[in-house]
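Down below is the structure, laid out as structure tokens.
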Amino acid sequence: CMAPIYFILAKRYKLGWLAPHFAIAAAFSITGPLFMDRDIFWNRVPALQSPWFVPHVFAYMVSYALAAVAFAITIGGIVSRHWKKAEETGKEANASYLVLLLAYPFMTFGMLSGALWAEEAWGIYWSWDAKETWALITWTAYLIYFHCRMSPRFKDSATLTQVLAFIALLITFFVVNLLPKMGSLLHSYA
């Protein structure tokens with residue numbers, strides 16, 4: 001999904017210079033499957049046998065991939081300003097913002113479709129387990145980023161807020177996925 005989004009941004013917003021950022025984010029996102037057992041057989045438990053599975057997972061994967069691109073753009077801008085002593089033009093901040101504008105609706109749809117799926121699977125829209133709670137924290141952190149970005153008073157905090165939001169995303173995606181091994185949560189499908 002990275003290539004079409006990149007081409008849309010390059011053509012519509014003249015952001016062709018984002019190619020390395022998309023390539024880096026795409027490279028990181030495909031390294032996980034390289035370490036998976038090729039002979040693994042995915043037998044989905046009943047809760048995962050739902051029409052909501054594909055749209056929910058797809059929406060989150062697109063939003064997380066785009067958030068990773070936006071993070072790469074932001075870090076690239078910070079590095080270039082500090083190491084090259086380049087003048088701050090705001091082009092990285094604006095590009096990162098545009099990418100996150102694309103990511104956020106996918107993240108929102110992922111959370112809403114997850115709630116609908118949860119109601120179908122468990123009879124409750126929201127259960128406050130670790131995965132749902134951290135998904136809400138991540139979604140809220142990006143919402144705060146957008147508010148900081150739009151508010152002249154808090155605009156200087158937007159970069160820090162974006163970095164914190166991405167850290168929340170990493171916790172949601174990596175750390176919380178390890179927690180079900182330690183306890184019984186709804187998102188443990190083993």
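The values are calculated or read from the model by the stated rules, or taken from the named source; none is laboratory data. Being a predicted model, the structure only gives us computed values, none of them experimental. Every residue, glycine as well, gets a Cβ built from its backbone with ideal geometry; the counts of neighbours run over all protein chains shown. Just so you know, the surface numbers come from the protein's heavy atoms only, side chains and all, with ligands and any DNA or RNA stripped out. Shrake-Rupley method; radii C 1.70, N 1.55, O 1.52, S 1.80 Å.
Of Ile124, Ile78, Ile30, the residue with the largest accessible area leads and the full order is Ile30, Ile124, Ile78 (1.4 Å probe). Computed on segment 113-167, with alpha-carbon pairs under 8 angstrom and 6+ residues apart, the relative contact order is 24 percent. Thr133 exposes around 40 Å² of accessible area when a 1.4 Å probe is run over every protein chain in place.
Sorting the segments 106-114, 15-23, 3-11 by their mean number of nearby beta carbons within 10 angstrom, highest to lowest, gives 106-114, 15-23, 3-11. Which entries in Lys91/Lys155; Lys11/Lys131; Lys14/Lys155 show an alpha-carbon gap greater than 26 Å? Where the Cα-Cα span goes over 26 Å, the pairs concerned are Lys11/Lys131.
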